[in-house]
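The values are calculated or read from the model by the stated rules, or taken from the named source; none is laboratory data. Because the structure is a prediction, the values reported are computed rather than measured. Counting neighbours? That spans all protein chains shown, and the Cβs are built from the backbone with ideal geometry, glycine included. Accessible surface is based on the protein model in full, side chains and every heavy atom, while ligands, DNA and RNA are left aside. Shrake-Rupley method; radii C 1.70, N 1.55, O 1.52, S 1.80 Å.
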Amino acid sequence: QLAMEFPSEDIFLMTASPVIKAVTNFKQVSKTLEEFDVEEQPSSLLEKRFPNIKVLQSGVKQLKSDEHKIFTEDGKEYVYEKLCLCAGAKPKLILEGSPYVLGIRDTDSAQAFQKSLAQAERVVVVGNGGIALELVYEIQGCEVIWAIKDKAIGNTFFDAGAAEFLIPKLTAEKRETPIECKRTKYTMEESEEKERPLAASDKLGSALGPDWHEGLHLKGTKEFSHKVHIEMLCEVKKIHSQQEFIQLQRTSLTFPKEEKNAEPDEVLWPVYVELTNGKIYGCNFVVSATGVVPNVQPFLDGNNFAVGEDGGLKVDKHMHTSLPDIYAAGDICTAAWEPSPVWHQMRLWTQARQMGWYAAKCMAADVSGESIDMDFCFELFAHVTKFFNYKVVVLGKYNAQGLGLDHELMLRCTKGQEYVKVVMQNGRMMGAVLIGETDLEETFENLILNQMDLSAYGEDLLNPDIDIEDYFD
């Protein structure tokens, strides 16, 4: 976007990785919903398309905002007129530095995970967001103990009802063959590959796109397809090495069978996970899919950034940080403007793309001294993804975020086919979750945006015999 806004200026893209992420197959589904794939491409492709872009492959060592200078790991310095920080976020690991704890947030870590999984008989997955959800669904031939702190799966995206709708898919034998992965993968040269230690969580990869697990061969050593046991309302209390576990003189548990609880386990495992509910499970390794923290470290030192409660750089409604000529977009930033009542920030690919595009528009407006309106994409939270092979659309305050007790939910569910939930407040629609091919996203998007009073329709709003799209066309 910057290259198009400033065709005669030099634009430097500084990145620690040899590939860049490109958005491909972009489709505007409705006013605010968009679908796209994320592909890794060699940086030369970007430089070919825009001759004024130069990609510099190096990590950033330091930012001196008062001098408008960036110092890179390879010992060079660069002066900027305007700077936009898009350094993303890094995985929140439950334990740093253990070879048995893998954090998943990017394509490199997904590959490390796949290598470990090939020899695994049992893994413990910790976390309850999108990545944990997909992972547990995709892993075959390996026992999975899934520890979640909520009382329902997929809490970041769903409520208990949606979780119940999806759970049968976890135990079903998977029929569908994985779709061929649309992403092209560029691998590093062999020599670089060998030097990287496996648990290099400090190495920053780029975040996974929405279809990251497709085409990855996620299969353990066992012959069965799916074996998932969910431990709810608990977190990891401690991770013990095999040595520490033996000294503890406590018992660990086997994989729980349907009809009865787990027995004491005779096998010795490489690593043990102690949960806050008192249970201990041994496993080959632990996957930490517990969210991300904004990657602000290299920029804070010596610079007086205003930082949000979640650790991101605060930005105003023109994506400006608190320092002159410095903007931020994506996972690294914290939206510090007064948001629309049906928008909230969530560290997702869709928002990263929108913020990056909008930040470039804001930088251009500042340079030319023009005023710019907040982009329409910040009017309504809207995200479309796939879980367990169902299309999933979340709109507005889909989990009644911040609405207090003053709201009601309406549901419609056809087992194995669709799940529709709307969040209502004072007769107005504030949010929705749509799972399956419901074809309701545009109608609901409009109803949330125009805040029409729907009290007159009552329960009929979700009546399957009434064609609601025609009704509100």
| field | region 382-471: relative contact order in percent, alpha carbon pairs under 8 Å with at least 6 residues between | value | 25
| task | Could you tell me the distance between the Cα centroids of region 274-289 and region 35-105, to the nearest Å? | result | 33
| the chain, accessible surface, carbon-and-sulfur percent (1.4 angstrom probe) | 50
| field | Unsatisfied cross-links (Cα-Cα over 23 Å) in the set Lys31/Lys314; Lys92/Lys238; Lys92/Lys361; Lys54/Lys314; Lys90/Lys361; Lys361/Lys386 | value | Lys31/Lys314; Lys92/Lys361; Lys54/Lys314; Lys90/Lys361; Lys361/Lys386
| How do 232-244, 139-151, 93-105 rank on mean C-beta neighbours within 10 Å, highest first? | 139-151, 93-105, 232-244
| task | Provide the FRET efficiency to the nearest 0.05 for the Lys257-Asp465 pair, computing r from the beta carbons and using R0 = 51 Å. | result | 0.70
| query | Placing +1 at every Lys and Arg Cβ and -1 at every Asp and Glu Cβ, with all other atoms neutral, what dipole size does the chain have around its Cα centre, in debye to the nearest 20? | reply | 1320
| With point charges of +1 on the Cβ of Lys and Arg and -1 on the Cβ of Asp and Glu, referenced to the Cα centre of region 382-471, which listed residue (Leu411, Met424, Tyr390) lies farthest in the positive direction of the dipole? | Tyr390
| Under a Cβ-Cβ cut-off of 13 Å, what is the net charge of the residues other than Glu67 that fall near it, where Lys and Arg count +1 and Asp and Glu count -1? | -2
| request: In whole angstrom, note down how far apart the Cα centers of region 118-160 and region 398-473 are. | output: 28
| request: Calculate, for the chain, the solvent-accessible area per residue in square angstrom, rolling a 1.4 angstrom probe over the heavy atoms of the protein chains. | output: 49
| Helix-only [θ]222 nm of the chain, DSSP H runs n ≥ 4, -39500 (n - 2.57) each, per residue, nearest 500 | -5500 deg cm²/dmol
| query | Which order do Arg412, Arg49, Arg347 take when ranked by solvent-accessible area (1.4 Å probe, heavy atoms of all protein chains), largest first? | reply | Arg49, Arg347, Arg412
| task | Based on the mean of other Cβ atoms within 10 Å per residue, sort peptides 418-428, 278-288, 3-13 so the most packed one is first. | result | 278-288, 418-428, 3-13
| Picking from Phe472, Thr72, Val315, whose Cα lies most toward the positive end of the charge dipole for the chain (charges on Cβ: Lys, Arg +1; Asp, Glu -1)? | Thr72
| note | With every protein chain in place, the accessible area of Thr350 for a 1.4 Å probe, in Å² rounded to the nearest 10, comes to 10
